[in-house]
Amino acid sequence: MNDKNSPTLKRSLSLKYVVFFGLAFMAPTTLFSTYGVAAHSTNGMISTAYIVALGVMLFTAYSYAQMVKAFPAAGAAYTFTQKSLSPHIGFIVGWTIILDYVFSPMISALLLGIAMRAYFPSIPMYIWIILFILIVTAINIMGIKVAAKVNTVLLFLQFGTLTLFVVFSIKGLLNGHGAGTLFSILPFIDSNVELSSFMSVIPILCFSFLGFDAATTLSEETKNPRKTIPKAIYLITIIGGLYYLFGSYFLQLIWPDFQSFKDAEAAYMEIAMYIGGNFLVSYVLAEGIMSSFASAIASGTSASRILYAMGRERVLPAKIFGYLSPKFRTPVYNILIIGIIALSALFLSLTTAVSLINFGALFAFTFVNLSVISHFFFRNKQRSFIGTIRYLIIPLT
């Protein structure tokens, strides 16, 4: 399919753009929208829960970093398992992770449609969904550099949300609101918490870190990927974890009585109104819309690269899935297909889509960890004391 005259993915991304891409996929402002439910499940120990989730995800991030050093290709989990385990397992993993990446733009479209319908009830929701998908598709077609720059702007707006929340929270705490102090162990320890309830929310919070894995799909568009991508994987995971930890700490301090929320799913809006009034509420709502764009652009990019890798190797029809635009050097057909699938937001429920994403991510994580063991411990026989820890114990943890 790819001869010397065929277009190739353009290697143009530096470390910062890969990190921004992964964080945009992660959509860290989901911290706020999930806070109320998570606080109930952890009995207020949400910050501790995020620390545990970060620790868990660092082990999986380690496995992705090792595999991308061995196989710096656009196929990510698909390529890792195909090369390390078997082509058949790679095919299955490829399709399951595609569930994650392909359905993410659809979820973003649905969430945006719901938000815009609340703002403009006279305009049908399907108008917003279709417009959203058209914009995201156009950005992804125009090239990875354009998508990266757009996502960078949208990502910094998300960090602006955290900054505003923290500033207003500090002001409120200093004025005696909430816990009335800037330093407390309240978000970390509660003697009344049930361990089973606490641990049950950890897997859910782990999915908040999705994004470091997506960075591996940019291996063929990144400068010096064997060094850049592993660094990006760790940075994305750690920065995202600090965002969640910092934000959840102040959310808990400014409103310690998490049982008193009128609606747990909209708890962050009650907190925003309490500490910042209509200004902060409006900003948070607007940024929620912008984060939907960032996440959809990043997930659409990732999905199109995995489909491209499968098409290039003729696992899927090469003329469609292995095609790159000579002008934009992007897998245009794949991006269009993802846009069409995203239109399922017009009739598919949010619950169904989220369950598909969680299954796809968990399945891929499991097999990437197994790929490390297969490739390094068994095939390359790295079984020294250090090798056993790095390539057997850590992936199994």
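The values are calculated or read from the model by the stated rules, or taken from the named source; none is laboratory data. This is a predicted model, so every value here is computed, not measured. Neighbour counts are summed over all protein chains in view; Cβ atoms, including those assigned to glycine, are modelled from backbone coordinates with ideal geometry. The protein model used for the area step is the full one, side chains on, heavy atoms only, and it has no ligands, DNA or RNA in it. Shrake-Rupley method; radii C 1.70, N 1.55, O 1.52, S 1.80 Å.
A few comments on the model shown:
- The stretch 41-60 and the stretch 113-161 have their alpha-carbon centroids 30 Å apart.
- Long-range HN-HN contacts of T222 with modeled amide H, under 5 Å: S12, L13
- Charged side chains reduced to their Cβ positions (Lys and Arg at +1, Asp and Glu at -1) give the stretch 83-201 a dipole of some 460 debye around its Cα centre.
- When T29, T397 are compared by accessible surface with a 1.4 Å probe, the order from highest to lowest is T397, T29.
- For K231, the lysines whose Cα comes closer than 17 Å to its Cα, not counting residues fewer than 8 places off in the same chain, are K16, K69, K223.
- For a paramagnetic label modelled on L396 (point 7 Å from Cα along Cα→Cβ), amide N atoms under 17 Å away belong, within the stretch 39-82, to 59-60, 63.
- Taken along the Cα-to-beta-carbon direction at a fixed 7 Å, the label points for V153 and I189 span 4.7 nm.
- Dipole of the stretch 143-237 [Lys/Arg +1, Asp/Glu -1 at C-beta], most positive-end residue of F207, F156, T228: T228
- Tensor-based shape of the chain (alpha-carbon gyration tensor, a/c under 1.5 rounded, otherwise prolate or oblate): oblate
- The chain - percent relative contact order, Cα under 8 Å, separation 6 or more: 37
- Simple Cβ-charge dipole of the chain, Lys/Arg +1 and Asp/Glu -1, about Cα centre, in debye nearest 20: 1960
- About its Cα centre, the stretch 202-286 has a charge dipole of approximately 480 debye under the convention of +1 per Lys or Arg Cβ and -1 per Asp or Glu Cβ, with nothing else charged.
- The fraction of accessible area contributed by carbon and sulfur in the chain is 69 percent, rounded to a whole number (1.4 Å probe; ligands and nucleic acids excluded).
- The residue among Y391, F367, A318 whose Cα reaches farthest toward the positive pole of the charge dipole of the stretch 240-397, with charges on the beta-carbon of Lys, Arg, Asp and Glu, is A318.
- Rule-of-thumb Rg ratio for the stretch 56-146 [Cα; 2.2 N^0.38 Å; N residues]: 1.48
- Tail fraction, Cα-Cα pairs, the stretch 1-63, threshold 20 Å, whole percent: 54
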